[in-house]
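Chemist: Below you'll find the structure I mean.
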Amino acid sequence: MTARAPDDAPRRLEPWSLDEGADRVRALFAQSFEGEPEASVSAPGRLTIVGDHTDYSGGLTLATVTPHRTFVAARRRDDQAIRVVAARSEQVDGPGARWEGALGALEPGYEGWPSRVAGVLWALAERGYPIGGMDIAIDSCLPLGTGLGSSVALSAAVGRAADAVWGLALDTEAGAVELAEACWEAENTYVGFPCGRLDQHTVLRCEEGEAALLDFSEMPPHITRYPLYFHEYGLSLLLIDTGPRRDGWRDAYARRSRAAVRAADVLGLPSLRELKRDEALARVAALEDNATRIRARHIVSESMRVQATVAELSGLGPAHDRFTEIGTLMLASHQSLTADYRVSTPLLDLAVDTAFAAGALGARMAGAGFGGCVVALVRTNAIAQIADQVDAVLVSQGYPQPTFLEV
């Protein structure tokens with residue numbers, strides 16, 4: 001392949017340091033409101049290693065967090081007013097850069113990005129937490145709408161800001177669970193999007209450098225933490241941001257969620273997680289309706305892949321063999337999301353195939369699908385080569401130039 005000109009080099013999105021993010025959002029606050037904020041906080045994005053579309057079926061997910069974060073600066077008010085300014089509002093649905101409301105007048109309903117702010121404050125108030133009005137400034141280096149949990153990162157950061165300025169005592173493990181559940185209520189009830197709990201419990205309970213195994217057969221989900229030591233073995237997770245998800249993806253997501261419930265009902269189970277491992281795939285294969293059968297097959301097999309990935313991550317065998325198998329499991333996950341769950345796109349498939357052909361150990365779409373990001377397990381010293389090849393192939397096929405992030 002011919003070397004590319006410097007001005008055609010792959011685009012990279014570097015994370016802000018915690019200090020840089022805090023400085024940016026505090027400066028935005030000072031420009032937008034009189035005086036200084038009382039607190040500045042942040043929340044990361046969510047990256048699924050293996051295990052998408054399993055959380056709402058009582059399944060398993062292995063996820064981590066991104067170094068890219070959403071930052072919030074806030075100050076309490078003596079009244080019930082909520083005043084919000086967002087630095088990147090032009091990139092998402094909403095009324096513009098500023099929004100104002102009143103805590104006591106909040107009513108569920110989707111109104112673009114302010115719904116994520118209002119929703120978590122509404123949920124905390126509904127749970128009896130003593131909060132009042134707030135002035136809030138928001139900025140982020142996290143890609144928006146690309147399958148990395150940017151909506152929940154916003155809700156979580158606002159929730160942490162409310163905790164900081166109103167002294168809600170949520171800065172503990174139990175408090176993180178409580179805030180995750182409030183953020184889930186905000187998304188499901190206030191915004192009206194029937195999501196599972198993956199994003200909320202990853203963003204608020206997982207730390208950088210960890211892989212969180214979340215078991216959604218329990219509510220709230222049980223978490224088991226593993227060190228994510230890829231870097232120690234010369235490996236990285238390379239994210240390929242192909243752009244925002246396509247229109248209508250929320251409705252498609254909701255249909256798949258309903259299909260999972262339907263499959264469990266047909267099998268006479270509260271959830272697909274209740275299937276015994278040795279008979280799970282056979283019972284799913286016996287479902288008569290094709291759409292229900294293939295959706296259930298993904299959910300059941302994906303939880304099995306999560307278990308296999310955890311076994312390799314925590315195993316004692318040769319590192320090369322274990323990481324190669326993790327890459328194979330990532331590829332199998334993507335194939336299942338493509339063929340059975342049908343949430344991939346030709347662009348995501350091309351990015352996965354190209355990354356693997358360029359030397360990645362494995363790759364898969366990340367998040368809900370219908371566009372967004374691909375995650376590839378790569379050798380760190382090959383990142384530039386793989387990014388260059390993926391960039392060149394996608395552009396040559398007429399797609400927009402992707403952006404690359406590292407975890």
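The values are calculated or read from the model by the stated rules, or taken from the named source; none is laboratory data. Note that the structure is a prediction, hence the values are computed from the model and not measured. Don't worry about glycine lacking a Cβ; one is built from the backbone with ideal geometry, like all the others, and counts go over all protein chains shown. The protein model used for the area step is the full one, side chains on, heavy atoms only, and it has no ligands, DNA or RNA in it. Shrake-Rupley method; radii C 1.70, N 1.55, O 1.52, S 1.80 Å.
Chemist: Shape call for the stretch 232-365 from the C-alpha gyration tensor, a ≥ b ≥ c root eigenvalues: rounded (a/c under 1.5), prolate (a/b greater than b/c) or oblate? Let's see the in-between values first.
Modeler: Details: a/c = 2.61, a/b = 1.33, b/c = 1.96.
Judged from the Cα gyration tensor, the stretch 232-365 comes out oblate (a/c at least 1.5, b/c at or above a/b).
Chemist: Let me ask something else. Out of A186, A285, A363, any idea which swings most in a Gaussian network model of the chain, alpha carbons joined below 10 Å?
Modeler: Checking each option, the largest mean-square fluctuation is seen for A285.
Chemist: Here's something else I'd like to know. Go through T242, A254, C195 and say which Cα lies farthest out towards the positive end of the charge dipole of the stretch 192-256; charges sit on Cβ, +1 for Lys and Arg, -1 for Asp and Glu.
Modeler: A254
Chemist: A follow-up question, please. What do you get for chymotrypsin sites (Phe, Trp or Tyr not before Pro) in the stretch 187-235 restricted to DSSP loop and a cutoff of at most 15 other Cβ within 10 Å of the site's Cβ?
Modeler: Numbers: sites: Y190, F216, Y229, F230, Y233; in loops: F216, Y229.
Within the stretch 187-235, the qualifying chymotrypsin sites (Phe, Trp or Tyr not before Pro) (loop, at most 15 other Cβ atoms within 10 Å) are Y229.
Chemist: Turning to a different aspect of this structure: Could you check how much of the accessible area of the stretch 270-407 is carbon and sulfur, as a whole percent, using a 1.4 Å probe?
Modeler: On the way: 2930 of 5510 Å².
Result for the stretch 270-407: 53 percent of the exposed heavy-atom area is carbon or sulfur.
Chemist: Test of the criteria: in the stretch 264-366, which trypsin sites (Lys or Arg not before Pro) are in a DSSP loop and have at most 10 other Cβ atoms within 10 angstrom of their Cβ?
Modeler: On the way: sites: R273, K276, R277, R283, R293, R295, R297, R305, R322, R342, R364; in loops: K276, R277, R342.
Sites meeting the loop and neighbour criteria: K276, R277.
Chemist: HN-Hα J couplings of the stretch 238-248 from phi, Karplus 6.51/-1.76/1.60, θ = phi - 60°, integer Hz, Gly and Pro as x?
Modeler: The phi angles translate into 9, 9, 10, 8, 8, x, x, 5, 6, 4, x Hz.
Chemist: Which value in deg cm²/dmol, rounded to the nearest 500, describes the helix-derived mean residue ellipticity at 222 nm for the chain, given -39,500 (n - 2.57) per DSSP H run of n ≥ 4 and division by the residue count?
Modeler: Values: 11 runs with 161 residues, N = 407.
Calculated from helices alone, the mean residue ellipticity at 222 nm is -13000 deg cm²/dmol.
Chemist: Using a ≥ b ≥ c from the Cα gyration tensor of the chain (square roots of the eigenvalues), is it rounded, prolate or oblate, where a/c under 1.5 gives rounded and otherwise the larger of a/b and b/c decides, a/b for prolate? Please list the in-between numbers first.
Modeler: Working: a/c = 1.74, a/b = 1.26, b/c = 1.38.
Note, shape of the chain comes out oblate.
Chemist: Cα centroid distance between the stretch 350-407 and the stretch 107-147, in Å?
Modeler: The distance from the Cα centre of the stretch 350-407 to that of the stretch 107-147 comes to 32 Å.
Chemist: Give me the accessible area of L154, 1.4 Å probe, in Å² rounded to the nearest 10.
Modeler: Near enough 20 Å² of accessible area.
Chemist: Pulled fully out, how much extra length does the chain show between S314 and E107, if you take 0.36 nm times their separation in residues and subtract their Cα-Cα distance? It would help to have the intermediate numbers written out before the result.
Modeler: Details: separation 207, 0.36 × 207 = 74.52 nm, distance 4.59 nm.
Extra length from S314 to E107 when fully extended: 69.9 nm.
Chemist: Let me ask you something else. Tell me the net charge near L228. Cut-off is 15 Å between Cβ atoms, L228 excluded, with +1 for each Lys or Arg and -1 for each Asp or Glu.
Modeler: On the way: positive: R46, R205, R225, R322; negative: E207, E208, E210, E232, E312, E406.
Counting the neighbours of L228, the net charge comes to -2.
Chemist: Could you work out which residue, out of T324, T66, T338, moves most in a Gaussian network model of the chain, that is, has the largest mean-square fluctuation with Cα springs under 10 Å?
Modeler: Largest GNM mean-square fluctuation: T324.
Chemist: Sticking with this one: Which whole-number value in Å² is the accessible area per residue of the stretch 175-241, probe 1.4 Å?
Modeler: Computed with neighbouring chains in place, this is 34 Å² per residue.
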